[in-house]
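Notes follow the structure.
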Ligand SMILES: Cc1ncc(COP(=O)(O)O)c(C=O)c1O
Ligand SMILES: N[C@@H](CCOP(=O)(O)O)C(=O)O
């Protein structure tokens, strides 16, 4: 299976090359050149199977034989053995036809582990096969970074540099990145926002000399393999509720648009999904875009769901590529407008295509807190603030179609955001036993100004020092 860039000016790559490349060399994002499908029988056959079995069935067509089936299967088994729930990603009912898909039973308590545990193994496998090494640079608003640190710590073929916005992640998130004592892990606190960190990472990929010298790889959802791995839980959740015989809708707390895009991919592969709800917090660029067609960047506002404090939703580019019938020139034009004037307008026909499958709701800060409080009062279930955006937006779908089950993605364990949860519910969720001493562990991080050249210099020097010490 070849992968093409949304901007049409980078070489098409196979799965393993796209996995290591991260961002395409023309600044675009890789997508498979065509969408594989699963038959109704194959989808039905996932019912009752372990999560790893579903992952093998969904991911095999994307990998396309580039990694032998037995090796891929072993990596998948291994990745999901790290989860602390027998079902890996279980469903819980919290209302009439309203379900929560718990994606937080992995090592770092957020949905990022689902893809990252596999990505770490896949990258290590490909690098070993090629006798190569890589420098991973990632931008995080808190969860991708901790999941990446956990997945890549101690690997001798990769150095990991994680850029996070200084002072804008929760204490638990920060400590998950800064307390891992492994020489190949580097936590960089950038004096800026997540969008600044993400722009810096993309800038590094577009800086050809730096990219080649350090053999850069990316683990954000700009990496196609991340999105593919996230498509799996849409299948397992829908099948548990009777798909393919019964359609379901999903409500997804959204920031960088990777997770909800994975739901769209599952639908393209044949899963009967009625609606995909994009739930945003007060950083509502996507809700505004669906309403008006105008994608316009505003200043990011800090909220109780900091992982979604994002204005530039990278993966929206992948959806636009499809909505524009894969017209790469149109995508280049939109992205040039964004770079020049911090805005672009989606044309009428592509916007109408997006509306056919997606809805969007922005959930205000008081409504997020009210959703956490009301759910806890009514059911005893404690939502984290990101999940609360999803359940609240999901209720809007139910108001329109009460007969179609809505699955809200629960993207983080409430203990990652104890202050916000306690403010809303009066309950302070405890960290699970494997993290009980997190607050006592020593931290190691470097604060850097919001300046790409300076961060590149730091990464180059640090990578040289680590490689020199290891040689
Ligand atoms: C806890 C949590 N929920 C939701 C999101 C949004 O996911 P996405 O960026 O894939 O839209 C993120 C990160 O972006 C997150 O960390
Ligand atoms: N919320 C994310 C932001 C980055 O998203 P990604 O899915 O593109 O890695 C985070 O926690 O870092």
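Where a number appears in this text, it was derived from the coordinates with a stated rule and is not lab data. These figures come from a predicted structure and were not determined experimentally. Counting neighbours? That spans all protein chains shown, and the Cβs are built from the backbone with ideal geometry, glycine included.
Per-residue packing, averaged as other Cβ atoms within 10 Å, sorts the ranges 352-358, 300-306 into the order 300-306, 352-358, beginning with the highest.
With contacts taken as Cα pairs under 8 Å and at least 6 residues apart, region 267-387 reaches a relative contact order of 35 percent.
Each of 197, 376 was scored by other Cβ atoms within 10 Å of its Cβ. Arranged with the fewest first, they read 376, 197. Arranged from fewest to most other beta-carbon atoms within 10 Å of their beta carbon, 375, 108 become 375, 108.
Annotation for region 223-274 versus region 101-143: alpha-carbon center distance of 20 Å.
Of the peptides 359-368, 219-228, 118-127, 333-342, the order by per-residue mean of other Cβ atoms within 10 Å, starting with the highest, comes out as 219-228, 118-127, 359-368, 333-342. By the helix-only formula, in which each DSSP H run with n ≥ 4 contributes -39500 (n - 2.57) and the sum is divided by residues, the chain has a 222 nm mean residue ellipticity of -14500 deg cm²/dmol. Working note: Debye formula, equal point scatterers on the alpha-carbon atoms of region 231-324, no solvent; log10 I(q)/I(0) at q = 0.14, 0.23 Å⁻¹ is -0.54, -1.15. A simple spin-label model places pseudo-atoms 7 Å from Cα toward Cβ; at residue 466 and residue 440 they are separated by 2.8 nm. Remark: spin-label model distance residue 70-residue 42 equals 2.3 nm, labels positioned 7 Å along the Cα→Cβ axis. For the peptides 433-441, 72-80, the ranking by packing is 72-80, 433-441, with the highest mean count of neighbouring Cβ atoms within 10 Å listed first.
Tell me whether region 55-210 comes out rounded, prolate or oblate; compute the Cα gyration tensor, take square roots of the eigenvalues as a ≥ b ≥ c, and use a/c under 1.5 as the rounded threshold. Oblate is the answer for region 55-210, as a/c is 1.5 or above yet b/c matches or exceeds a/b.
For the chain, what class follows from the C-alpha gyration tensor (a ≥ b ≥ c being the square roots of its eigenvalues): rounded when a/c is under 1.5, otherwise prolate if a/b is larger than b/c, else oblate?
It is rounded, given that a/c, with a ≥ b ≥ c, falls under 1.5.
Rounded if a/c is under 1.5, else prolate if a/b beats b/c, else oblate: with a ≥ b ≥ c from the C-alpha gyration tensor eigenvalues square-rooted, which is region 10-124? It is prolate, given that a/c is not under 1.5 and a/b is the larger ratio. Sequence-distant contacts, meaning Cα pairs under 8 Å at least 6 residues apart, place the relative contact order of region 68-206 at 19 percent.
Mean sequence separation of contacting Cα pairs (under 8 Å, at least six apart), scaled by the length of the chain, corresponds to a relative contact order of 19 percent.
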